[in-house]
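The values are calculated or read from the model by the stated rules, or taken from the named source; none is laboratory data. All values derive from a computational prediction rather than experimental measurement. Every residue, glycine as well, gets a Cβ built from its backbone with ideal geometry; the counts of neighbours run over all protein chains shown.
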Number of protein chains: 4
Amino acid sequence: MRSYTEIEVRYAETDQMGIVHHSVYPIWFEAARTHFSREMGVSYKEMENMGLMLPVRELSVKYLEPAKYGDTVTIETRAVRLTPSRILFHYRVLCGVRTLAEGETLHAWVGQDLRPVNLRKGFPKVYEAAFKAIEEP
Amino acid sequence: MRSYTEIEVRYAETDQMGIVHHSVYPIWFEAARTHFSREMGVSYKEMENMGLMLPVRELSVKYLEPAKYGDTVTIETRAVRLTPSRILFHYRVLCGVRTLAEGETLHAWVGQDLRPVNLRKGFPKVYEAAFKAIEEP
Amino acid sequence: MRSYTEIEVRYAETDQMGIVHHSVYPIWFEAARTHFSREMGVSYKEMENMGLMLPVRELSVKYLEPAKYGDTVTIETRAVRLTPSRILFHYRVLCGVRTLAEGETLHAWVGQDLRPVNLRKGFPKVYEAAFKAIEEP
Amino acid sequence: MRSYTEIEVRYAETDQMGIVHHSVYPIWFEAARTHFSREMGVSYKEMENMGLMLPVRELSVKYLEPAKYGDTVTIETRAVRLTPSRILFHYRVLCGVRTLAEGETLHAWVGQDLRPVNLRKGFPKVYEAAFKAIEEP
């Protein structure tokens, strides 16, 4: 499964170089995960209501071309690996036919106390929905 | 009582106009309140640990001159009015002898459920510390 | 003329109080101005390309109810006053039938050097488009 | 050479998980690079005044333990690789004796038009200062 999230660049997201600041991309990735989780059948908000959280353990981004104010970008999101303790997402930031950036975020499944949980045992419905959404690279 | 908080402008705080984005000033004001509350004897972190929170009800800012990357600004902070339900802070953003901006934030004293509390009755120690820190304009 | 801008709350926009941080509303107002200017016939990007900029001189916000992750808010935007040197915008942040916040931003018409320009004389096409869009309060 | 930058966590930097949002770390890294470049003898502001810019091409972060409001963190910064076209920085985010996160940013030396420049030929003084500051891992 792939989700596609449209984002209009905000003026506040630019810096004095005249381009979108690199710290904004992880925020766009997160907005894209919100959509992805909704499309996969269990929204992130529902997960938190169940006592399940998904903090970021690793983040990587490659910046190929700058995004600018006036651009509308599309984030293509895939979940590419799932274990009972982890999930890995991959993102492409597109502007028309150009790829502006690519990135990955690795997350841990944790409870409200931020301690690891076994997703398959503790939240089988979420595990199943995520499992079906995985797209091997 | 007045507190003075030094802040170095971050590159990420600039926008493509080449100046600090106006949405950054409320964040600086908040960093300044963190210092103010510590100097007044009850840090905001302690307040939250007691179950007391201080969300912003009103915000106003006048922008006189832009702050720029490379600047170190000083936030002069005063608490100018206190009631059992509200507190009003006033800020001046200084860069050397120039005043770059002035602002105010009005806050409500609330509990963890975000409902109003009577500070004088519920948290007399905090009320007393805040009362002593008030500087009439 | 009124423009209506839909914004999905981003997780990154929340703070540890569990609500959208108050510094986010000016950023939403700005995204709403981007839409407003496009609908009024001269986008803010076109203005900057003409050498015209519109920095914020005054900002005020009243926060009535918190926005939360999972909410989609609508920003209702009006331009309520225009002079050759200034423009005043008014915003309402709506979530369903509830008004979460109201705010205003006062802007100066300036050139790329951040110095004032007379909009009516220097940029009559923009002045005319803005003038038609004004809605007295 | 290593630089050490102290940063007090801002309330606005937290999210509803009660921890510092992961998108904040790249902003801290950048504040740390500002200090590093100043200590190395050519501040980033001076570089931009010379027409030299240093956008981020790659970013990676490992999050080990959360930072929280009330924490003062220290960013340990090293430049670990330099070529005429690139520079690689490494960061450790420390809170007391704990390492909260580690990260790297790879940057390209570019001109004001965002096109690559040969640092050694075009800006020998900067190249020399950066070369002296390199600390092999």
Name the pairs: first residue in the stretch C:61-73 and facing chain A (nearest Cβ under 10 Å), second residue polar (S, T, N, Q) and surrounded by 20 or more Cβ atoms within 10 Å (Cβ to Cβ), Cβ to Cβ under 6 Å, at least 6 apart or on different chains?
C:Tyr69/C:Thr14
Taking the conditions exactly as written (under 30 Å from B:Glu46 (Cβ atoms), among the aliphatic types (A, V, I, L, M) and not in a loop (DSSP other than H, G, I, E, B)), does D:Ala79 satisfy them or not?
no
Scan of the stretch D:104-127 for residues that are in contact (Cβ under 8 Å) with a residue 60 or more places away in the chain and among the β-branched types (Val, Ile, Thr), ordered by number
D:Thr105, D:Val117, D:Val126
Any idea which residue in the stretch D:44-60 is nearest to the chain's Cα centre (by Cα), counting only those that are under 20 Å from A:Ser23 (Cβ atoms), more than 7 Å from every other protein chain (Cβ to nearest Cβ) and not aliphatic (A, V, I, L, M)?
D:Tyr44
Picked from the stretch C:82-112 (must be out of contact with any Pro (no Cβ under 6 Å at 6 or more places or on another chain), farther than 23 Å from C:Ser23 by Cβ and of a type in the set (A, V, I, L, M, F, W, C)), the residue modelled with the lowest pLDDT is C:Val97
Keeping to the stretch C:98-125, report how many residues are more than 16 Å from the chain's Cα centre (by Cα) and farther than 30 Å from C:Asp71 by Cβ.
16
Residue ID - surrounded by the most Cβ atoms within 10 Å (Cβ to Cβ), chosen from residues in the stretch D:7-16 that are of a type outside the set (D, E, K, R) and more than 7 Å from every other protein chain (Cβ to nearest Cβ):
D:Val9
Scan the stretch B:17-37 residue by residue and report those that are surrounded by fewer than 21 Cβ atoms within 10 Å (Cβ to Cβ), within 9 Å of chain A (Cβ to nearest Cβ) and either in contact with a strand residue (DSSP E or B) (Cβ under 7 Å, 6 or more places away or on another chain) or farther than 23 Å from A:Val20 by Cα (or both).
B:Met17
Between a first residue in the stretch D:1-15 that is in a helix (DSSP H, G or I) and a second residue that is modelled with pLDDT of 95 or more and of a type in the set (Ser, Thr, Tyr), which pairs have beta carbons less than 6 Å apart while being 6 or more apart in sequence or on different chains?
D:Tyr11/D:Tyr69; D:Ala12/C:Ser23
Filter the stretch B:1-36 down to the residues that are touching a helix residue (DSSP H, G or I) at 6+ places or on another chain (Cβ under 6 Å) and over 25 Å from C:Leu52 (Cα atoms) and list them by number.
B:Met1, B:Ser3, B:Thr5, B:Ile7, B:Arg10, B:Pro26, B:Ile27, B:Glu30, B:Thr34
